[in-house]
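Inspection log for the structure reproduced underneath, given as structure tokens.
The values are calculated or read from the model by the stated rules, or taken from the named source; none is laboratory data. Here the structure is a predicted model, which is why all the values come from computation and not from measurement. Positions of Cβ are generated from backbone atoms using ideal geometry, with glycine treated the same way; all protein chains shown enter the neighbour counts. We work out accessible area using only protein heavy atoms, side chains counted, and drop any ligands, DNA or RNA first. Shrake-Rupley method; radii C 1.70, N 1.55, O 1.52, S 1.80 Å.
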Amino acid sequence: IDTQSSVILKDPYHGQTLMSTKIYIDRGISFERAVDIFQKGKRHERDGFYKMRRDMYGRAQVVLAMTKPGSRNLFLLWRPNTGASLFEMEYDELRQKYELVDAETAREPWEHVHSMTKNACMHGENCHIRHTMGACHAGQRTVTCTVISGAVVPTWGELERTLDRNAHKFNKADRGMRTVRVVGSDGRKVIGLRYPEELLAIVKEAVELQWAEKFTDPASLALLDEGADDDNMNAILGVEIEAPTPVDPSSMAKCFRKVKTLKDFFGGPKPSKTADVTMMATKNINTVDLTAPPRPFAKKPKTSFFDMTKYEAQKTKKTQTIRGESCCICSMAFPDEWSNERVNAHIDECLS
């Protein structure tokens with residue numbers, strides 16, 4: 001960012017100023033930075049430096065191609081003079097135009113293009129456009145742009161008209177007015193409107209002519225005769241001051257109203273009976289000693305194929321009594337004469 005901003009216009013009646021600040025942008029990346037990007041982002045064996053199969057402008061052209069995350073056939077490109085490319089390239093097109101080379105082979109052409117395009121276009125010394133048109137910035141590493149700030153709104157109409165009349169002189173990227181925020185390498189910040197520097201003189205002349213016409217009009221002179229107060233000056237310049245809009249009560253109440261959530265409509269979570277039963281049941285579960293030696297494996301006794309004793313055991317299981325057991329819900333000790341059916345009926349009653 002330029003150390004000083006220049007004044008384009010200054011309103012002699014209200015003191016508002018239109019300022020311009022020059023911004024110097026270095027788009028290129030050094031070879032060391034490219035190697036660092038390659039080492040940190042390599043995910044595929046096809047990632048690396050690629051050299052163009054045929055020379056362009058009498059010199060070799062190299063790029064850094066890295067596989068796009070989440071894709072196998074799309075590649076992100078970095079060039080020594082313009083940095084990261086806005087466009088992606090498919091692997092078939094990349095393989096057709098370029099060939100994969102190692103870093104040492106790509107060093108010399110990368111550094112040559114990086115240094116050559118610092119203050120000149122990529123066409124070289126024999127650029128036909130520069131010799132015929134006077135200037136060429138195609139592929140130039142360092143770009144200079146102008147940001148205007150201050151009294152932009154009062155001159156907005158003339159800024160648009162001047163740019164529309166001279167749009168054919170600029171490329172597509174510079175034909176529109178864009179609001180930008182620039183943070184310099186020293187931490188300085190500039191917020192304003194990006195605008196071609198070549199048109200600022202035309203804008204200044206047109207705005208000053210408009211101001212002169214307003215104050216030479218008979219009606220404006222009559223207002224000046226009454227007194228050069230703020231009301232008369234605003235009437236001459238066409239400035240309208242609106243009365244403050246009263247605060248909307250509903251909008252103000254909405255700003256201080258608590259934001260509703262699902263809990264406001266359905267309430268918080270309620271403890272379930274199942275959770276209570278589980279907590280009570282865990283009280284009677286015997287703890288396991290992890291330090292105790294493992295129990296010996298008990299072999300299952302062999303039984304004959306037509307063993308009828310297990311059917312007798314299942315038949316008497318319902319009438320089998322419980323000894324020394326207690327309820328897992330209410331902790332009541334079961335009498336010894338209670339059967340399984342009686343115990344199950346008691347537990348069902350506690351759960352209901």
**Prompt:** Quick one: ranking Cys136, Cys350 by accessible area, 1.4 Å probe, largest first, what do you get?
**Reply:** Cys350, Cys136
**region 57-131: chymotrypsin sites (Phe, Trp or Tyr not before Pro) falling in loop per DSSP and having at most 11 other Cβ within 10 Å** = Phe87
**Message:** Accessible area of region 28-85 with a 1.4 Å probe: how many percent of it is carbon plus sulfur?
**Reply:** 47
**Message:** Strictly over 27 Å apart at the Cα level, which of Lys40/Lys97; Lys169/Lys189; Lys42/Lys172; Lys22/Lys51; Lys172/Lys204 would you flag in this model?
**Reply:** Lys169/Lys189; Lys42/Lys172; Lys22/Lys51
**Message:** For a Förster distance of 25 Å, can you work out the FRET efficiency between the beta-carbons of Glu205 and Thr179, rounded to the nearest 0.05?
**Reply:** 0.55
**Message:** Students sometimes get this wrong: rank Arg161, Arg46 by accessible area, probe 1.4 Å, all chains present, largest first.
**Reply:** Arg161, Arg46
**Item:** Isotropic mean projected area of the C-alpha convex hull, region 112-208 (nm²)
**Value:** 7.9
**Item:** Separation in nanometres of the label points that stand 7 Å from Cα toward Cβ, at Gln4 and Arg54
**Value:** 5.2
**Item:** Accessible-area value, Asp2, 1.4 Å probe, nucleic acids and ligands omitted, Å²
**Value:** 50
**Item:** Accessible-area value, Arg165, 1.4 Å probe, nucleic acids and ligands omitted, Å²
**Value:** 130
**Asked** Say R0 is 41 Å: what FRET efficiency, to the nearest 0.05, do Cys327 and Phe266 get from their beta-carbon distance?
**Response** 0.70
**Prompt:** Between Arg342 and Arg95, what is the spin-label point distance in nm, taking each point 7 Å from the Cα along the Cα→C-beta axis?
**Reply:** 8.4
**Message:** Contact order normalised by length for region 1-154, with contacts defined as Cα pairs under 8 Å and 6 or more residues apart; what percent is it?
**Reply:** 28
